[in-house]
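Below is one structure, written out as C-alpha cells; comments come after it.
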Amino acid sequence: MTNNLELCEWYAEESQNVKPKNYCTDASENNAADCAQAGGTWTSMPAFGIPKPQCLAAPFQRDNHLGNPAGIGNEELLNLTIPFGAGADGGDAASNCVIRLRYNITTADTRVCEDSTYTDKESCTAAGKIWSAAFLDSSYNDKDLGDTPPLPDGNPTVDMGGFLSGTGGTDSLLELAINTNQYGRTFQDRTHQFSIQPRPAAIPANAQIYNLNVKGKRGNIVQTYPATEYDFHPVNLEVGQDDYVHVQWTGNDNTNNNGNNNGEGTNDEDRHNIVQISNSGMDVPMDAPGGASMFAARNEWNPETNGPHAGSRSQATLTKQFALSKQTGCLTAGNVNGDQQRQNCEKLNAADATVDLGLVKFNPGTYKYMSSRNNNFSNRAQKAKIEVLSSASIPPQPPVEVQAVVADTGSSAEVKVTWQPSGGSDYTSTSGDTWPGVTEQAGMASQYIVQMSYNGGESWWNVDGCESVTSAKECTAKGLMAGTPYQFRVLTGGATGWSDASEPTTVFTEDTGASKECREKLQAQADGSYVAVGTIVAIVFGVVAGIALIAFGIFLLRRRQPPPPPPGNAFKSVPPPTY
C-alpha cells in the first residue's frame, strides 16, 4: 500500500515474490561492499516463485485521527488473503510470520526528481521522470529555500517574496516550525508476529474463512493512546452463507501502564465475550437460546478435541461458549463478591486471555452483538454486526466511473464504454498528479460484462463482444441504432460470482437523415400534431378535386344565362308604321 502510485509497479517487481534478495551474515551491514569489508558474507536468497504482490493505493486518512478516514466512523480495513499452501512445508500452516506496518512521515515540501539534473516538476515530468518524495536522499541535506529546488531547512525564516523586510516596529520576518529530521522517514515501526493455523480437514479447500478478532487495549481513550479502546474487528463484517467466520482473539495480562487502566474485572487483563443484542442501541443481551438466533448455525467447527468444551456444538452450546468464553470452575451466583475474584465468571475473570471459539457458518441474516464485560462508559461500546448474505460468498463490488462516448464512425452507430474497478476513482499521488485509485477490489475482478438498454432500463442485454472483458477496462458496442438513447452498465465477475450492476450511464447516438425523420414523426405523434403522408395525399387530391368541381359548376352556370345584348342600337325603340 502506497501513496506513491508512480512507483507502484516498481515496488511490485522488486518484491522477493519475483526477485532474489540479499542479506549479510553480519546483521549490522546492509550492502555488499560494507558486508565484505566487515568480514561478512553477502548471501542471496532466491525469489519465492509466486505472483508479484498487488500494489494498492493507501487510503486517505484524517491527520492525527489514528487511522480513521474522513466520513467513515470505523478505522481503515484491508483484507489480507492467506493463500492455501502458505506454509514452508507446502501446507497452510506457518508458525513464524511477520507483518511489517510502518508509520511514515512525508510532506509536499520534499518532492524532488528521480533524476537530480531536473530541478522542478515541469521539466522532470516532461522528461518522463517521476517527481516524488521517494527520491529525496542525503545529497539534499544542505539544501534550503534559496537553493534549486527550494527545500525547507530547520525552522527557516521567510519574507514572503520580499513582502516582509524584518526591519522591526510593525514589520517582521516569519519563522516556520519545521523539523526536517521528521520528514521522509519511518516515524514508528509497528511490526507484529503471527502464526497461521492449518486449515481444518473438515473445511473444504475452496471455502472462504473470515477472521473475527478484537482490537484495542484496556482503558479509556487517554489511557490507551496511541492505541484505541476495545472494539471488535471488523466492526461490520459481511460474509456469504457458505463462508465461515473464525472467531478468536488474543489478550494481554499486563496492561498496567497509566495506572490500572479503567475496565471491568481483574485489573490489567484483557477479556472479551460475545452476546447477541436486538439492535445496536441495546445494552442488554437477548434471551437465549430461543430469541438469540445468531448461533442457530448452518455448520460449525470446534477446535477443542477434549475437555468440557469438546464435541459438536448445538445452538445452546455455541451461545453459552460465546457468552462465557469457555470458562470453567465458576463461582455460584451467591458467592460472587468482588471484581478481582479469579473465579468470578460474571466478569469473565476465569477466561483465558487468548480464546479460540472455532469456525461458524451462519444462516443468512443480520446479527448484532456486544461484549458484556467491556460495554461500559470508559471503554465506550464494544459492539459489532455480522451481515450474512443469501448468496454463497461475497461477490466483487460493481465498477465505478462508468462512461459512454459515441464514436464517430460515419456509418452504423458505435459507443465506447469505459470504467474502473471499485475503488478506482481519481487518486492524488505524492507527486500531485492524478491516477486511477487501486484497491483490493481490483484483484477480485477477473472479468467484466457490459450490458445495454434502449427502453429506459426496462430490459437489459449483453453487448456483443463485451460479455467477457478481462484486462481492459473498456469495450465498444457496435451496430447500434442511430438517433436512439442507450443506457450502459457494467458488472464485475470474480471467483465468488458477479457483482450488482454499476450505476447506468446514458448516451444518444448520432442521427441519420432517416432516423431524424422517424424521431420527428414520433415526437409529432406524441404531441398530437402528426398527420400521416396518406392523409396529406388524400387532402391534396380532395382539394384538387374540389377545385375541379367548383370550376365545372361555374362552367355550367355560365351556359344557362341569357345571351348578352347585341352591340350598338339593337334595342332602341322603333315607331309603329303609318298606314
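No value in this document is a laboratory result; all are computed from the given coordinates. No experiment lies behind these values; they were computed from the predicted model shown. Cβ sites come from the backbone with ideal geometry, for glycine too, and all protein chains shown count toward neighbours.
Shape annotation for the stretch 105-188: C-alpha extents along the principal axes are 49, 35, 18 Å, from largest to smallest. Quotient of the Cα radius of gyration of the stretch 205-394 and 2.2 N^0.38 Å, N being its number of residues: 1.02. Simple rule: put +1 on each Lys or Arg Cβ and -1 on each Asp or Glu Cβ in the chain, find the dipole, and look at Trp461, Asn104, Thr191; the Cα lying farthest toward the positive end is Trp461.
What is the distance in Å between the Cα centroid of the stretch 134-148 and that of the stretch 238-292? What the calculation gives is 51 Å, centre to centre. Other residues within the sphere of radius under 9 Å centred on the Cβ of Tyr369, judged by their own Cβ, net out at +3 (K and R +1, D and E -1).
Once Rg and the Kirkwood radius are both taken over the C-alpha atoms of the stretch 413-500, their ratio Rg/Rh works out to 1.04.
Please work out, to two decimal places, the log10 of the ratio I(q)/I(0) at q = 0.22, 0.27, 0.31 Å⁻¹ from a Debye calculation in which every Cα of the stretch 1-59 carries one identical scatterer. Cα-only, vacuum Debye calculation for the stretch 1-59: -0.82, -0.92, -1.06. One way to sum up the overall shape of the stretch 208-310 is the equivalent ellipsoid from its Cα gyration tensor, whose semi-axes run 28, 17, 15 Å, largest first.
Stretching the chain fully between Phe194 and Thr43 yields a gain of 51.7 nm (0.36 nm per residue, less the alpha carbon separation).
Per-residue 3J(HN,Hα) values for the stretch 126-137, derived from phi via the Karplus relation 6.51 cos²θ - 1.76 cosθ + 1.60 with θ = phi - 60°, read 5, 8, x, 9, 9, 9, 7, 5, 5, 9, 7, 10 Hz in sequence order (x marks Gly and Pro). Across the stretch 219-252, the residues whose backbone nitrogen lies under 18 Å from the label position 7 Å along the beta-carbon direction of Arg380 are 219-237. Look at His233, His192 and count the other Cβ atoms within 10 Å of each Cβ; fewest to most, that gives His192, His233. The alpha carbon convex hull volume per residue for the chain rounds to 437 Å³. Less than 14 Å Cβ to Cβ from Ala126, Lys/Arg counted +1 and Asp/Glu -1: what total charge do the surrounding residues give? Around Ala126, the surrounding residues sum to -3. Listing Tyr367, Tyr140 from fewest to most neighbouring C-beta atoms within 10 Å gives Tyr140, Tyr367. Restricting attention to the chain, close to 85% of DSSP beta bridges with both partner residues there are antiparallel. Cross-link pairs exceeding 30 Å in C-alpha to C-alpha distance, out of Lys21/Lys473; Lys326/Lys361; Lys121/Lys478; Lys52/Lys361, comprise Lys21/Lys473; Lys121/Lys478; Lys52/Lys361. Cβ-to-Cβ counts within 10 Å put Arg489, Arg100, Arg218, Arg380 in ascending order as Arg100, Arg380, Arg489, Arg218, the fewest first.
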